[in-house]
Amino acid sequence: MAKILMKGNEAIAEAALKAGAHGYFCYPITPQTEVAEYLSRRMPEVGGVFLQGESEVAVGNMLYGAASTGKRVFTSSSSPGISLMQEAISYIAGAQLPAVFVNIMRGGPGLGGILPAQSDYFQAVKAGGHGDYHLLVLAPSTVQEAVDLTMLAFHLADKYRNPVMIIGDGMIGQMMEAVEFPDKYEEPELPAKDWALTGAKDRDPQVLDSKYWALTGAEGRDPNIINSLYLDPVKLDDNSWILHEKYETMKRDEVRFEKYKISSDNRLLIVSYGTMARICETVIDELASEGVSVGLFRPISLFPYPAKQLREEAQKKNIENVLVIEMSIAQMFEDAERAILGAKPVKFYGRTGGVVPTPDDVKLRIQKLIENPSYQPSREA
Amino acid sequence: MKGVAMNNNEKTLFTRPEALVDVVTHYCPGCTHGVIHRQVAEVIDELGIRGRTVGVAPVGCSVFMYNYVKTDFMEAAHGRAPALATGFKRFRPDMIVFTYQGDGDLASIGTAEIVHAANRGEKITTIFVNNAIYGMTGGQMAPTTMPGQPTTTCPFGRDVNLTGYPIRVAELLATLKTPAYIERVAVHTPFHIIRAKRALKKAFTYQVENRCFTLIEVLSTCPTNWGKTPQESTQWLEENMVPYYPLGCYKDCEKVEASDAAV
C-alpha cells in the first residue's frame, strides 16, 4: 500500500481495524478524541461495534464484557480517562482477557493540562490498578511506529490473554506523518479461544471462535465463567503466580528496544522513549556533525523493560554517564537506574506538564555533561 | 426426578430446573435470593435458552451466582454489570444476557451504568434485588434503606435529613422513554412469588423478541442483617417496604403502544 498522510490518532484507529479489531468503546477526552470520531464512521463500514459510553469507568467495563466474547476489542483515552479505567484494567488482567488500551498522554496530576507529556509512565508500567498484575506496555516514537505497535498490541493481547497498553504522548496523537499500512496484517497463529462465552448449543466447546476462553452459552458443556474472584487465598495466590509466569515469559520474549548511533566513541549514553527520544535523535545528529559522539538507547516495550540490554550498553568502558530524558519527572529514570545497578552514574533531565524540551534544551545539557562528567542537569540550565 | 423411583400412578409435579445447579447455596436461612435464583432458572428452562444465555454476577451477596445457575457467566466489578452486559450483547445480539444486581450495586455505585444501559435500550434483562440493605458486607445503609431503619452505618435509624429518602429505582427508570418493560414485584408470599415469576418470564421473553431494556425490581428479605426471623422479615417487608415501593408494572412497551394507538 502507498504511503498516506495521517494524523497519529486516526492512524492508530485504522491500524486497529487492520489488526481485526471488531469493537471500540470510547468517551471523549483531549487529545485523543479523533480516534473516536474516526471510528464512529469507519467501524460501521467494517461491520464492527462502535459505542460511546457514559464514562471511562463504564467504557473500561464494556471492554471487559466485550472481551469475554473472544473478539478483538479496544479503547483509547487520555490520562485522566485512563485513571478511571484502572478498575476494569485490573479485572481484565485478573480474569485473563485480551484487550488493548491506548493512552495518548497529557500532563497531570489531576485535571492537569491537555498538552503532551509522558507522566503516566508509573501508572502504565507498574500497574495503575489494584493487585499483582502488569500490562504489556508499548511506546511508539513515530506515527508509523504507532501503527505497527497498535497491530502488534492485538496480537500480544491474544497471545498472553492480557491487556496491552500503547502509551503515546499527545504529540504522537496530534502529529501528521506519512504512514504505510500492510494490505493484510500477518501474524503468527494463536491458540484457540475456548474460554470465550459463546453459548455451547450444538457445538463442541473446544472450537468456539478461536480464543481459548470466551463465554458462549453452556448447553452441551459445562459453563464458561469469566472471573477474577478467588475467596480461597491459596487459589488467589495460584492465580497471581500464573499471571507472574506470563510476565516472566514476556520479559524473556517480548522485550523491544532500538539503539541509535551507539558506538565505542560514545562517552554519554542517552535513554529516552517516545517523542522525547525523537528529539534526542535530532540533537545526536547535530552533535555528530560537530564531531561529538553520543548514543541513544530507546526502550519500545516499557513493560517488559529492556533492563539487561540497557545494562550491557551502560557497562561499556567508554560510557562515563547515562542520561535519562523524559517528558515527566524521573519516572522511567527509576527503571533505568534499577537496570544499570550502579554500574555508571545515571542522571536525569526532563520537563513535564506539556513543556516539551527543545533540541537546544537537550543539547545544552549534553554538552555540559560531556565537558564536565560530574555535572548534574537541571530544569534551569 | 433424581434418585426417586417412580410408580406408574405417580406424577411428577415439581423438579429442580435444569438451569439450577444441585448444590447448597451460601445464602442465610430465610433469604429470598434462593427463590429468585430458582425463578430465573425456571424461566431459562421454559424458554429453552440455557445454551445461549450469559449471566453477569454482581458484587454483593449474589456474587457467587455463577455457582448456582448453569449458564455462562461473567463476574462484574461493583455496579458495572450493565456495562459488561452492554459490551457483550453488542457483539452477540443472538445471545440472551441478564444482570443480577443488589441495591448497593445497582442503586448506589452503579447508578450511572444502569441509567445509561436502560436509556440506550440495551437488549438485556436486569434483575434488581432490593432488600433495603448491604448484605454481603454485613448490613450497612443502602440508598434503598427505609427511613428510620437501623443499619450498622446508621445505628439510630436512617435519618432522611442527612441521607435523603430511599431511591425508587423502578419509578426512576420508568421516566426514560427507551426501556421496554419495568415492573416491581416481591417474593415474600406464594401469591407474590407467582406474580414475580410471571414478570421475570415476560422480561426474558421480551429480550428473546429483541425488544429494548427490561428490568424487574424484586423486593427481597435479609433476615440476618435486618435482625429479624424469616417470618418477621416477610411481615416487615409487607408493612414497611410495600407501601413505600408500590408493586406493579411501571412501563410496558406493549401497553404504551396500545395506549398510543387508542389516542
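Here, each number is a calculation from the coordinates, and none is a lab measurement. It should be emphasised that the depicted structure is a prediction, and the values quoted were computed from it without experimental measurement. Here Cβ is always computed from backbone atoms with ideal geometry, including for glycine, and neighbour counts include all displayed protein chains.
Beyond 16 Å, how much of the Cα-Cα pair distribution for segment A:279-327 remains, as a whole percent?
It works out to 50 percent of all Cα pairs.
If I fit a long axis through the Cα atoms of helix A:56-67 and take the longest principal axis of the Cα atoms of chain A, what angle between them do I get, 0 to 90°, rounded to 10?
On a 0 to 90 degree scale, this one is about 60.
Based on the Cα coordinates of segment B:112-246, what is the per residue volume of their convex hull in Å³? Present the calculation step by step, with values, prior to reporting the outcome.
Working: hull volume 14.6 nm³, N = 135.
Per-residue hull volume (Cα only) is 108 Å³.
Pick out which of B:LEU200, B:LEU106, B:LEU247 has the largest mean-square fluctuation in a Gaussian network model of chain B, springs linking Cα atoms closer than 10 Å.
Among B:LEU200, B:LEU106, B:LEU247, the largest GNM mean-square fluctuation belongs to B:LEU247.
How tilted is helix A:33-45 with respect to the longest principal axis of chain A? Cα atoms for both, answer in degrees (0 to 90, nearest 10).
40 degrees
Whole percent per 10 Å bin, from 0 to the bin with the longest distance: what is P(r) over all C-alpha pairs of chain B?
7, 31, 36, 19, 6, 1, 0
Listing B:MET74, A:MET151, A:MET105, B:MET136 from the residue with the fewest other Cβ atoms within 10 Å to the one with the most, what is the order?
B:MET136, A:MET151, B:MET74, A:MET105
For B:ALA76, what charge total do you get from the other residues with a beta carbon under 13 Å from its beta carbon, if Lys and Arg give +1 and Asp and Glu give -1?
Its environment carries a net charge of -3.
Counting alpha carbon pairs within less than 8 Å and at least 6 residues apart, what relative contact order, in whole percent, applies to chain A?
That works out to 16 percent.
Restricting to chain B, what percent of DSSP beta bridges are antiparallel, rounded to 5?
The answer is about 20 percent antiparallel.
Distance check, please: which entries in A:LYS251/A:LYS368; B:LYS11/B:LYS202; A:LYS7/A:LYS184; B:LYS123/B:LYS202; A:LYS261/A:LYS308; A:LYS159/A:LYS251 exceed 25 angstrom between their Cα atoms?
The pairs that break the limit, which is 25 Å between Cα atoms, are A:LYS251/A:LYS368; B:LYS11/B:LYS202.
At a 10 Å Cβ-Cβ cut-off, how would you order B:GLU46, A:GLU177, fewest neighbours first?
B:GLU46, A:GLU177
Under 12 Å from the Cβ of A:MET171, count the other residues' Cβ atoms, weight Lys and Arg +1, Asp and Glu -1, and hand me the total. Display every interim value, and only then the final one.
On the way: positive: A:LYS7, A:ARG106, A:ARG278; negative: A:ASP169, A:GLU177.
So the surrounding residues net to +1.
For chain A, what mean projected area does the convex hull of the alpha carbons give, in nm²?
19.9 nm²
Please report the antiparallel percentage of the DSSP beta bridges confined to segment A:250-381, to the nearest 5.
25 percent
Per residue of the protein assembly as shown, what 222 nm ellipticity follows from adding -39500 (n - 2.57) for every DSSP H run with n ≥ 4, rounded to the nearest 500?
-11000 deg cm²/dmol
Determine the distance separating the Cα centre of segment A:125-152 from the Cα centre of segment A:293-370; give it in Å without decimals.
The two parts, judged by their Cα centres, are 19 Å apart.
Please state, rounded to one decimal and in Å, the Kirkwood hydrodynamic radius that the protein assembly as shown gives when every pair of distinct Cα atoms enters the mean of 1/r.
Evaluated over the protein assembly as shown, this radius sits at 26.8 Å.
Could you state the number of Å between the C-alpha centres of segment B:116-163 and segment B:207-249?
Here the answer is 12 Å between Cα centres.
Ranking A:ARG42, A:ARG298 by Cβ neighbours within 10 Å, fewest first, what do you get?
By the 10 Å Cβ count, ascending, the order reads A:ARG42, A:ARG298.
What residue among B:ARG80, B:ARG158, B:ARG90 shows peak mean-square fluctuation when chain B is described by a Gaussian network model with Cα springs under 10 Å?
Taking springs between Cα atoms under 10 Å, the residue moving most is B:ARG90.
Cα-based Rg of segment B:11-61 per 2.2 N^0.38 Å, rounded to two decimals? The partial results should precede the final answer.
On the way: Rg = 12.3 Å, N = 51, 2.2 N^0.38 = 9.8 Å.
Dividing the Cα radius of gyration by 2.2 N^0.38 Å gives 1.25.
Taking the convex hull of the Cα atoms, report for segment A:4-179 its projected area averaged over all directions, in nm².
Computing the convex hull of the Cα atoms and averaging its projections yields 8.4 nm².
Under 23 Å between alpha carbons, and skipping anything fewer than 8 positions from A:LYS235 in its own chain: which lysines qualify?
A:LYS193, A:LYS246, B:LYS70
Explain nothing, just the number: relative contact order of segment A:258-371, from Cα pairs under 8 Å at least 6 residues apart, as a whole percent. Before the final figure, lay out each step's value.
On the way: 199 pairs, mean separation 33.0, N = 114.
29 percent.
Using the Cβ atoms and a cut-off under 15 Å, what net charge is assigned to the surroundings of B:VAL59, where Lys and Arg are +1 and Asp and Glu are -1?
Working: positive: B:ARG80; negative: A:GLU87, B:GLU75, B:ASP103, B:ASP105, B:GLU113.
Net charge in that neighbourhood comes out at -4.
Mind pulling up the Rg/Rh value for segment A:258-371? Radius of gyration and Kirkwood radius, both on Cα. Intermediate results must be reported in sequence, preceding the final value.
Details: Rg = 12.7 Å, Rh = 13.8 Å.
That ratio is 0.92, to two decimals.
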